[in-house]
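Please read the structure below before turning to the comments.
The values are calculated or read from the model by the stated rules, or taken from the named source; none is laboratory data. No experiment lies behind these values; they were computed from the predicted model shown. Here the Cβ is made from the backbone with ideal geometry for all residues, glycine too, and neighbour counts use every protein chain on show.
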């Protein structure tokens, strides 16, 4: 049984499916850190402009556990790998992901007291949602999604090659939004898919709203309107999807039986929206970063091309999974340009973090980013070196907390395997047809806008293979 401080239980109800968020604890004066009045704004700007380097600079100044602000919220940042693993695994049920995400997202759904996204649920309710989603993310289902995505990949690549160039960061997001509309939602109409994409993009920006007052914050207003548009659209579609035989994720979960007493159609739609939020923006950000790295390291581009050509023109799921060099570069991309910055959690009771005790209600960020480039664990951490993930070197296995691009524990990303095979499938098709280079070479850096991605537009020149 989860032990929760009484004031938290009284305030939020069931911590597995909390009814409200909790103001973060401010009694953290015993911790080192940034106490400036403008720290919350400076952190948003710093993460957007400097990405990982911003957090690394703070760790160097304050140590591996320190306090700061993000917007109006006081947070405790954890950059110690041992503590990070403990927080992520949450074996003693000390930490709540639900309350952490509600601190940013509460109020998005104006029709319900609960938000019911996977990230805003914990413990038994969270397990029920994962049980609902797992069949729709099985290997068999993933093979079906890949079959749907392949012709869209081919069509986009051929179009880019006809033009001889592509603004890759923008176009890969458009492409994956189209893929997501078909594989996740079963929507074949481009205009309808674009409408859903705009609404999802607005919801994604909610954590960056400085106010949850719709009149004071256009960002928050657009986020709530986007969520309403998605909710109303999907609720109308549930009956026909439940009766049909669609192979998209939405149709699959509509048909999935559940014995949960709270997972009615409205709750299922809220779960779907939460799943979609992380469905393709994360993958497109990582693929844009990978494009930059391949364009600036032609020797690896040739290595990936050789294995791409070796699997033939119509590879199956097993062939895609076998692309080892592509997977090495994918992992190195996620290390150099991580999409996620941290794992947000709330302390459910007083807890020890390293050498410090923090009170119940403390908002903690387990920082993934800086550990991905810590010279204590990685050889020449700023260098692009995919071989560090080879079986012979396996630098990522030096500590369980230094390479967690998809999180860990109960809240690890359910779609991480789908994202990987989708990326590998795309690059197999792209590199089997052309060589790529930057249209205007530039020295990139990591940014969070709000997802982690390489800086710049990643404009590419495409040269057909001779």
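Go through segment 388-414 and give me each residue that's in contact with a helix residue (DSSP H, G or I) (Cβ under 8 Å, 6 or more places away or on another chain) and closer than 16 Å to residue 80 by Cα.
396, 399, 400, 401, 402, 403, 404, 405, 407, 408
Determine whether residue 303 is touching a helix residue (DSSP H, G or I) at 6+ places or on another chain (Cβ under 6 Å), crowded, with 17+ Cβ neighbours inside 10 Å and free of Cβ contacts under 8 Å to residues at least 60 places away in the same chain. Quick ask: steps written out before the conclusion?
Numbers: touching a helix residue (DSSP H, G or I) at 6+ places or on another chain (Cβ under 6 Å): yes; crowded, with 17+ Cβ neighbours inside 10 Å: yes; free of Cβ contacts under 8 Å to residues at least 60 places away in the same chain: yes.
Here the answer is yes, as residue 303 does meet what is asked.
Has segment 268-286 got at least one residue that is in contact with a strand residue (DSSP E or B) (Cβ under 7 Å, 6 or more places away or on another chain) and part of a helix (DSSP H, G or I)?
Yes, some residue in segment 268-286 is in contact with a strand residue (DSSP E or B) (Cβ under 7 Å, 6 or more places away or on another chain) and part of a helix (DSSP H, G or I).
Test residue 87 against the criterion of being outside any loop (DSSP other than H, G, I, E, B), out of contact with any helix residue (DSSP H, G or I) (no Cβ under 8 Å at 6 or more places or on another chain), surrounded by fewer than 21 Cβ atoms within 10 Å (Cβ to Cβ) and at pLDDT 95 or above, and give yes or no.
Details: outside any loop (DSSP other than H, G, I, E, B): yes; out of contact with any helix residue (DSSP H, G or I) (no Cβ under 8 Å at 6 or more places or on another chain): yes; surrounded by fewer than 21 Cβ atoms within 10 Å (Cβ to Cβ): no; at pLDDT 95 or above: yes.
Answer is no for this residue.
Just wondering, is there one or more residues in segment 21-33 that are within 23 Å of the chain's Cα centre (by Cα) and touching a residue at least 60 places away in the same chain (Cβ under 8 Å)? Can you show your working first?
Quick first cut of segment 21-33, residues within 23 Å of the chain's Cα centre (by Cα) only: 21.
Now drop any that are not touching a residue at least 60 places away in the same chain (Cβ under 8 Å), which leaves 21.
Yes, segment 21-33 contains at least one residue that is within 23 Å of the chain's Cα centre (by Cα) and touching a residue at least 60 places away in the same chain (Cβ under 8 Å).
What number of residues within segment 74-84 are touching a helix residue (DSSP H, G or I) at 6+ places or on another chain (Cβ under 6 Å) and either within 20 Å of residue 103 (Cβ to Cβ) or not in a helix (DSSP H, G or I) (or both)?
First pass over segment 74-84, keeping only residues touching a helix residue (DSSP H, G or I) at 6+ places or on another chain (Cβ under 6 Å): 78-79, 81.
Next cut, either within 20 Å of residue 103 (Cβ to Cβ) or not in a helix (DSSP H, G or I) (or both) only: 78-79.
Qualifying residue count for the region: 2.
Could you look through segment 217-260, keep only residues that are outside any helix (DSSP H, G or I) and over 17 Å from residue 182 (Cα atoms), and pick out the one that is modelled with the lowest pLDDT?
Pass one, segment 217-260, residues outside any helix (DSSP H, G or I): 217, 244-248, 256-260.
When the remaining residues are screened for being over 17 Å from residue 182 (Cα atoms), the result is 217, 256-260.
Details: 217: 94, 256: 95, 257: 93, 258: 92, 259: 89, 260: 92.
Across segment 217-260, the extreme among qualifying residues is 259.
Sort out which residues of segment 349-398 are in contact (Cβ under 8 Å) with a residue 60 or more places away in the chain, at positive phi and either under 24 Å from the mean Cα position of the chain (by Cα) or surrounded by fewer than 17 Cβ atoms within 10 Å (Cβ to Cβ) (or both), and write them in order of number.
354
Being assigned to a loop (DSSP other than H, G, I, E, B), buried (at least 23 other Cβ atoms within 10 Å of the Cβ) and in contact with a helix residue (DSSP H, G or I) (Cβ under 8 Å, 6 or more places away or on another chain): is that true of residue 329 here? Please lay out each step first, then the result.
Working: assigned to a loop (DSSP other than H, G, I, E, B): no; buried (at least 23 other Cβ atoms within 10 Å of the Cβ): yes; in contact with a helix residue (DSSP H, G or I) (Cβ under 8 Å, 6 or more places away or on another chain): yes.
Spelling it out, it is not the case that residue 329 is assigned to a loop (DSSP other than H, G, I, E, B), buried (at least 23 other Cβ atoms within 10 Å of the Cβ) and in contact with a helix residue (DSSP H, G or I) (Cβ under 8 Å, 6 or more places away or on another chain).
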